[in-house]
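For reference, the structure is listed below as structure tokens.
Derivation of every value follows stated rules applied to the coordinates shown; laboratory data play no part. All values reported here derive from a predicted model rather than from experimental measurement. Quick reminder, even Gly has a Cβ in these numbers, built from the backbone with ideal geometry, and neighbours come from all protein chains shown.
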Amino acid sequence: MSRKRSGSPISLFSFQDAITSVCGVVVLVTLLLALDLARRAQTEAATQTASRERVEETRKEIETLRNNLAEVQASADLSAEVDAAGIGMSLQEARQELNAARRRLDEAQKERDALDEDLERLTAELAEARQDAKETEAILERAQEARKTAAQTVAKKVDLQKKSVYSYPDPVEEQPWFVDISGERIIAYSQAEPQGRRFETAFSFANFARTRPRNKEYFVLVARPSGAKAASDIQMELDDDHYRYGVDLIGERRELVFIRSGESETNDEP
């Protein structure tokens, strides 16, 4: 015969644990939600308080600005009344005066434009005058150069008047001897002997002349006042020997210049 077991056959310990755990979780979540709601409420309250404060401050600033505007308007009205009373003119008169001032300003601007045009014209005329002055200076410089050239030419002519120029003829069969005769010297020049031969007396020259060929050479006696006697003696000797010669009288201090034919044909008179 079997023995009966004592006590309940079913255990509820696990179910109770699960229920307890769930309840604990629900309570924890509820507490967290409540804490979050409390924080949000505090934040919203602080935000609303700050908004109210800003709105109040803005209202005060608007009120202050309105008061200031009223004061400024009152001051402007008072200034306008005082100015009108002090100036002694109405708004219409002030406008007319302003228009007149504008017209005077326009006229002054027109006069300034006219003065600017005159200034530009005068500047252009000044530039033309400067250009004319430069051209005049160039003309004066050219005139001075021409004057210098003319002075040099005159000086050359004056110098040339102090000289007697003789030219040797083109190469031909007959060649001249130019004989410079003075009281101090007798010098014979030829194209072959441009430095000349010097003789002490008329007779020594006559002896030299007798050695020259009559058909190929002739003599040009250039006699100075101091050599008149020597020139006369030479002529007598040349006449006796039948030599051809010519006579030219020059001043005592004239310089003889000999050139080749074609270089110059100037021969000043004594």
Efficiency of FRET between residue 94 and residue 119 - r from beta-carbon atoms, R0 41 angstrom, step 0.05: 0.65
Computed E for residue 215/residue 165 - FRET, C-beta separation, R0 30 angstrom, nearest 0.05: 0.65
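Using 0.36 nm per residue, how much length does the chain from residue 16 to residue 64 gain when fully extended, once their Cα-Cα distance is taken away?
Numbers: separation 48, 0.36 × 48 = 17.28 nm, distance 7.14 nm.
Extra length available between residue 16 and residue 64 comes to 10.1 nm.
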Given 163/229; 110/134; 134/162, the pairs whose alpha carbons are separated by over 30 Å: 110/134; 134/162
FRET E, pair residue 258, residue 150, Förster distance 30 Å, beta-carbon r, rounded to 0.05: 0.60
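Rounded, prolate or oblate: which fits the range 189-235, taking a ≥ b ≥ c as square roots of the Cα gyration tensor eigenvalues, rounded meaning a/c under 1.5, else prolate when a/b beats b/c?
Prolate, since a/c reaches 1.5 and a/b exceeds b/c.
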Pairwise label distance in nanometres, residue 29 with residue 72, each label 7 Å out on the Cα-Cβ vector: 6.3
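Stretched out fully, how many nm does the piece from residue 103 to residue 173 gain, at 0.36 nm a residue minus the Cα gap?
Working: separation 70, 0.36 × 70 = 25.20 nm, distance 10.63 nm.
Working it through step by step, the gained length comes to 14.6 nm.
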Neighbour net charge for residue 131 - beta-carbon separation under 14 angstrom, K R +1, D E -1: -3
